[in-house]
1. In nanometres, what is the gap between the two model label sites at Gln298 and Phe243, each 7 Å from Cα along Cα-to-Cβ?
2. Might you report the magnitude of the Cβ-based charge dipole of the chain about its Cα centre, with Lys and Arg at +1 and Asp and Glu at -1, to the nearest 20 debye?
3. Between Arg232, Arg199, Arg28, which gets the highest mean-square fluctuation from a Gaussian network model of the chain, Cα cutoff 10 Å?
4. Looking at Leu185, Gln102, Asn128, which one has the Cα that reaches farthest to the positive end of the dipole of the chain (charges on Cβ: Lys, Arg +1; Asp, Glu -1)?
5. What is the antiparallel percent of DSSP beta bridges lying wholly in the chain, to the nearest 5?
6. Can you list the lysines whose alpha carbon is less than 17 Å from that of Lys214, not counting same-chain residues fewer than 8 positions off?
7. Give, in nm to one decimal, the length gained when the segment between Gln266 and Val288 is fully stretched (0.36 nm per residue of separation minus the Cα-Cα distance).
8. Residue by residue through the stretch 87-93, which ³J(HN,Hα) values in whole Hz follow from phi under the Karplus form 6.51 cos²θ - 1.76 cosθ + 1.60 (θ = phi - 60°), with glycine and proline marked x?
Amino acid sequence: MDKASMPKLSIVIPFYNEQENVTRLCERLFHVLDSIQETWEVICVNDGSNDKTLSLLLKEKDARPGLVVVDLARNFGQHAAIMAGFAQCQGDWIITMDADLQNPPEEIPRLLDAFRQGHDLVACVRMNRQDSLFRKWASMITNRLMTRISGISLRDFGCMLRGYDREIVVGILENPEYRTFIPALAQFFARNPIEIEVRHEERVAGDSKYSILKLFGLQLDLLTGFSLWPLRVLFLVGSFMAFLGLALGSAIIVLRIVLGSQWAAQGVFTLFAFMFFLVGAQFFALGVLGEYIGRIFQAVRRRPPYIIGAVNRHEP
Ligand code: UDP
Ligand code: MG
């Protein structure tokens with residue numbers, strides 16, 4: 001494609017078993033896109049759905065010039081799917097959003113306004129978030145903790161309605177990290193970011209694709225991918241435990257000399273209690289170390305974050 005026919009705006013949307021939402025989303029999205037001045041393309045990434053998502057997307061693609069369907073070979077996760085979309089998109093401005101209509105497409109013009117004002121990253125903050133209390137509470141803790149320990153200041157790490165200038169996307173693509181967290185990485189590359197408040201809606205149909213376990217994995221990716229804070233805490237806790245152990249050991253030896261062996265036998269259970277505590281702490285330490293070693297292992301292997309099955313473009 002020559003430069004003149006390149007779209008100005010690319011919308012990247014990951015789909016994983018979203019058959020109930022494909023038609024509804026396309027309807028609302030294209031209605032918005034038809035009203036903007038910029039040329040556009042929509043990259044829908046099918047992340048290994050095992051329902052009718054792909055066939056519905058392909059049907060939409062036949063009817064809509066500018067709609068590209070990227071089909072991943074299997075399920076690789078939301079962030080990997082977005083990376084696959086990034087690699088295919090051609091726009092100067094790129095916007096990511098969810099397929100379940102929790103991010104209203106009607107907010108897109110507001111992101112475009114921010115781009116026009118010269119911002120290279122438009123992060124969105126979900127107002128009146130329509131998720132379970134548990135999710136809201138977990139996000140609040142994550143946002144505060146991450147801002148504190150990573151030095152990346154964001155009010156809403158989790159909102160995937162986000163606009164990126166091409167340069168940022170290129171930066172992200174050139175850093176194929178293992179299991180990355182796109183909003184934090186984008187913030188890292190941004191020169192002139194802005195945060196705007198957007199509406200958030202309830203999931204229209206289908207269930208959240210994140211189980212508690214998957215969610216925990218994502219938080220762990222964010223935490224270990226962007227800070228060494230857990231290692232520092234480990235060091236602090238370890239030092240404190242070692243100091244405590246030393247003090248306790250010395251006290252027991254002194255008391256043993258002063259009070260005799262009978263006293264010592266009666267102290268066996270206390271000792272056991274502390275032994276258990278120490279063993280537990282060591283296991284905790286091994287777990288944290290394991291997380292980092294796992295990341296190093298994956299990085300060394302240089303396994304690609306996704307594998308494309310096919311790229312389907314509209315053919316007139
Ligand atoms: N998604 C994906 N791959 C996955 C999980 C989710 O592409 O393995 C997509 C999903 O189809 C949706 C977006 O990522 O478009 C957000 O997922 P979901 O709505 O389940 O997350 P939540 O809103 O509960 O955080
Ligand atoms: Mg959702």
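What follows draws every value from the coordinates through simple rules; no lab data is involved. Just so it is clear, the structure is predicted and the values come from calculations on it, not from any experiment. Neighbour counts run over all protein chains shown; Cβ positions are idealised from the backbone, glycine included.
1. Reported label-point gap for Gln298 and Phe243 is 3.5 nm.
2. 1180 debye
3. Result: Arg232 has the largest fluctuation of those listed.
4. The listed residue farthest towards the positive side: Leu185.
5. Once the DSSP bridges in the chain are tallied, antiparallel ones form about 30 percent.
6. Straight-distance partners of Lys214: Lys136.
7. Full extension from Gln266 to Val288 adds 4.4 nm.
8. 5, 9, 7, 10, x, 7, 10
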